[in-house]
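Structure record follows, encoded as structure tokens.
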Amino acid sequence: MGHAHPVPMPARLVRTARLTLAPPGKENLPDLVRLKGDPRVFELMLHGIRTSEMTRAELEDDIAFWSQRGYGTWCVFHTESGEFLGISGLMERPDGRGIALRFALWPECRGHGYAREAAKAGLEFGHRAGLARIIAVAWENNQASRHVLADIGMAECDAFDYRDRHMIVYESLR
């Protein structure tokens, strides 16, 4: 007798040329508290800088999201050194716009292509996991993020204003 098999999900651990993307666990809380509490990293993110309590709650949500959806946000590590570089991955936008690619790495990572590498891996993973449309949102003046999104093949498709900032919406269609 045949059994119905679920569609296989891609393995959750992702390796690129230089990076390892791993779904977050409780052991990542100290790194996440530092990252999400740093204005250089999270000031421009949706909902802004997080307290340690907010970060702990988001970590629990991220772990649950992975178990429910089979995709989510990863912690990004430099494979060779094991250093925590930031986060990248897929999240449900609270404004109903859809599943969005996001990335937030330490400012010291800029200029090395790590954000591009992590974002591209997240985008490809999402499409392999069956997402036909993935969006990303960047502040109009955040040229670094906008370059990353364009470089990985996402196209501008919409815009909106949020807290006196003009936001550009990008999309990738499978």
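Quick note: the coordinates plus some simple rules give every number you see, no bench work behind them. Computed from a prediction, not measured in an experiment: that's the story for all the values here. With ideal geometry, Cβ positions are generated from the backbone for all residues, glycine too; neighbour counts draw on all protein chains shown.
Some observations on this one:
- Counting DSSP beta bridges with both ends in region 72-155, the antiparallel % (nearest 5): 90 percent
- Between the residues TRP74, GLY111, VAL33, the greatest Cα displacement towards the positive end of the dipole of region 14-131, with unit charges on the Cβ of Lys, Arg, Asp and Glu, is found for GLY111.
- Annotation: amide H of GLY72 within the under-5 Å range of LEU90, sequence separation 5 or more or interchain, hydrogens built in the peptide plane.
- With coordinates expressed along the principal axes, the C-alpha atoms belonging to region 14-131 extend over 34, 33, 25 Å, beginning with the largest.
- Rounded FRET efficiency, nearest 0.05, which uses the C-beta distance separating LEU13 from HIS47 and R0 of 30 Å: 0.65
- For the residues ASP31, ASP62, ASP95, a GNM of the chain with alpha-carbon springs under 10 Å puts the largest fluctuation on ASP95.
- Distance from the Cα centroid of region 38-78 to that of region 87-149 is 13 Å (rounded to whole angstrom).
- GluC sites (Glu not before Pro) within region 60-118, DSSP loop, no more than 10 other Cβ atoms inside 10 Å: GLU80
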